[in-house]
Amino acid sequence: MSDGLRVTYDREYAHVQDQVLKLGELVDQAIALSLKCLQERDQELAQQVIDDDEAVNELRFHIEEECLALIATQQPTASDLRAVIAAMNIITDIERMGDHAAGIAKTVIKMGDEPLLKPLIDIPKMTALARKMLKASLKAFIDRDAASARRVAKQDDEIDALYRAIFDELVEIMSHKPDAVERATYLLWCAHNLERIGDRVTNIAERAIFMSTGDMKELNV
Amino acid sequence: MTENNVKFVVRDLDFYYGHFKALSDISLDIREREITALIGPSGCGKSTFLRCLNRMNDPIPDARLEGQVLLEGEDINHPEVDVVDLRRRVGMVFQKPNPFPQSVYDNVAFGPRVLGMVDGKADLEAIVERSLKRAVLWDEVAGNLRGNALGLSLGEQQRLCIARVLAVEPDVILMDEPCSALDPVATLRIEDLMRQLKEHYTIVIVTHNMQQAARVSDRTGLFWLGELIEFGETSRIFTRPKESRTEDYITGRMG
């Protein structure tokens with residue numbers, strides 16, 4: 001892409017990219033820990049996930065400022081402009097994913113010491129899939145790889161299917177065991193947060209496609 | 001974007017300076033009451049192309065043109081075309097403001113007088129006032145129409161040159177780097193003026209300032225080594241160009 005004519009711009013944009021990846025790593029970690037604190041019923045860890053979300057918010061605003069400065073001082077156009085705008089949208093989605101991880105951690109705290117309603121099976125699957133998609137979507141963004149981004153977006157169907165299965169199972173339990181409604185609802189909240197994380201990853205994939213092709217499309221309605 | 005009528009149709013245009021082919025196979029439509037910007041690195045042919053639109057290249061020895069330039073369907077290079085009338089209809093504003101060393105009034109009155117467009121003193125005064133108002137210069141010079149035009153600021157001089165073009169009632173205004181000698185504020189005033197003028201006139205501007213092309217024009221064409229690489233709506237060219245050379249040029253990685 002560069003033949004040395006836009007050295008400053010290229011260096012500053014590379015820094016934005018690095019920061020976006022860093023933000024992605026922080027949130028990936030938060031998602032992983034949110035599952036861990038749910039599995040181990042570790043309230044201290046849950047509180048840490050909630051507290052660490054502040055660093056995610058700060059980094060997100062910091063990246064946004066860098067993007068604004070880049071637009072104001074370097075006047076990017078064409079694919080450069082699309083890349084900066086894509087980065088600004090992507091960090092919003094990553095930051096919201098962090099909020100969903102914190103949402104799971106808050107649910108863990110609400111659950112207190114009550115035993116889990118049932119063993120966790122599909123929620124760890126959703127978590128693993130969401131983390132894999134997050135990494136792949138960011139790689140597609142960095143590589144400007146529309147084909148990979150489309151594949152990532154497609155995987156959201158699997159997350160949705162898992163959510164549906166969890167939903168049906170928990171509603172079934174609730175309808176037979178009224179005293180389990182509260183505990184079932186907690187698990188449902190966790191699954192719902194993961195389902196939303198999948199939607200946010202799809203947004204990132206959409207932005208990666210827009211950046212590389214200029215096409216603005218909703219991939220997963 | 002709504003499609004205005006086409007003012008100029010250019011087809012298969014080649015232009016030579018002696019043996020040097022300065023323009024190669026240019027075809028494009030210039031729509032009326034739009035601003036068309038031509039961009040590209042120095043020597044790419046954009047100014048040569050602009051000058052083909054009112055035959056300003058005619059006096060250059062050994063210059064030769066092939067292909068067609070149609071203004072409202074008429075071939076402007078036809079031997080029977082009256083070049084003076086063509087240049088009245090298709091006026092030009094240059095890089096450096098070039099007012100005559102005369103009064104503001106006489107600068108604007110020059111064209112209508114020479115072309116015999118005037119019916120008495122009151123008529124001429126009306127033309128001068130209307131032209132200066134359309135060039136958004138009236139408020140600044142109304143109190144001193146007899147003052148020497150060279151006493152104006154450069155930005156005012158350039159708007160005076162635009163008023164001078166407007167006085168002969170053109171259809172099209174060609175602008176060759178009209179702001180390159182002006183400071184940023186004077187530049188923005190000219191750009192505002194261009195937007196107002198396009199209500200009535202067709203404007204074609206050559207500019208090295210890509211942000212200017214992006215700000216002011218409806219359509220943009222990129223010239224490169226005598227070829228038209230890409231031509232399209234400005235909003236698309238600056239966000240989603242189709243050609244990699246356009247991408248490289250407007251992102252500052254070529255040229």
Report task. Please specify each residue of the stretch B:235-246 satisfying the condition of being at the interface with chain A (Cβ under 7 Å from one of its Cβ atoms) and either in contact with a Ser or Thr (Cβ under 6 Å, 6 or more places away or on another chain) or at positive phi (or both). Result -> B:PHE238
Query raised in the report: So which of B:ASN107, B:ASN77 ends up being touching a Phe, Trp or Tyr at 6+ places or on another chain (Cβ under 8 Å) and surrounded by 13 or more Cβ atoms within 10 Å (Cβ to Cβ)?
Result: B:ASN107
Query raised in the report: Are any residues in the stretch A:159-185 touching a helix residue (DSSP H, G or I) at 6+ places or on another chain (Cβ under 6 Å) and under 24 Å from A:THR92 (Cβ atoms), and if so, which ones?
Result: A:ILE159, A:TYR163
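With the condition being charged (D, E, K, R), I'd like the helices (runs of 4 or more DSSP H) fully within the stretch B:120-185 carrying at least 3 qualifying residues.
B:121-134, B:154-166
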Query raised in the report: Is there a residue in the stretch B:240-252 that is surrounded by fewer than 19 Cβ atoms within 10 Å (Cβ to Cβ) and either touching a residue at least 60 places away in the same chain (Cβ under 8 Å) or closer than 22 Å to B:PHE100 by Cα (or both)?
Result: no
Report task. Filter the helices (runs of 4 or more DSSP H) completely within the stretch B:1-116 down to those with at least 3 residues that are over 13 Å from the mean Cα position of the chain (by Cα). Result -> B:83-89, B:104-114
Requested in this report: State which residue pairs qualify: first residue within 14 Å of chain A (Cβ to nearest Cβ) and inside the stretch B:210-231, second residue outside any helix (DSSP H, G or I) and acidic (Asp, Glu) in any location, beta carbons under 6 Å apart, and separation of 6 or more residues or different chains.
Outcome: B:LEU222/B:GLU230; B:ILE229/B:GLU243; B:GLU230/B:GLU243
Query raised in the report: Within the set of pairs 6+ apart or on separate chains, which have a first residue in the stretch A:96-113 that is touching a residue at least 40 places away in the same chain (Cβ under 8 Å), a second that is in a helix (DSSP H, G or I) and open to solvent by 60 Å² or more (accessible area, probe 1.4 Å), and C-beta atoms under 6 Å apart?
Result: A:HIS100/A:ARG196; A:THR107/A:TRP189; A:ILE109/A:GLN43
Report task. Would you check if there is a residue in the stretch A:59-69 being more than 14 Å from chain B (Cβ to nearest Cβ), under 30 Å from B:GLU247 (Cβ atoms), open to solvent by less than 60 Å² (accessible area, probe 1.4 Å) and basic (Lys, Arg)? Result -> yes
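Looking at the stretch B:131-154, which of its residues are open to solvent by 10 Å² or more (accessible area, probe 1.4 Å) and in contact (Cβ under 8 Å) with a residue 24 or more places away in the chain?
Once the filter is applied, which keeps residues that are open to solvent by 10 Å² or more (accessible area, probe 1.4 Å) and in contact (Cβ under 8 Å) with a residue 24 or more places away in the chain, the stretch B:131-154 yields B:ARG134, B:VAL136, B:ASN144, B:LEU145, B:ARG146, B:GLY147, B:ASN148, B:LEU150, B:LEU152, B:SER153, B:LEU154.
The values are calculated or read from the model by the stated rules, or taken from the named source; none is laboratory data. Fair warning: this is a prediction, and the values are worked out from it, not measured in the lab. Don't worry about glycine lacking a Cβ; one is built from the backbone with ideal geometry, like all the others, and counts go over all protein chains shown. The area values use the complete protein model at the heavy-atom level, side chains included, leaving out ligands, DNA and RNA. Shrake-Rupley method; radii C 1.70, N 1.55, O 1.52, S 1.80 Å.
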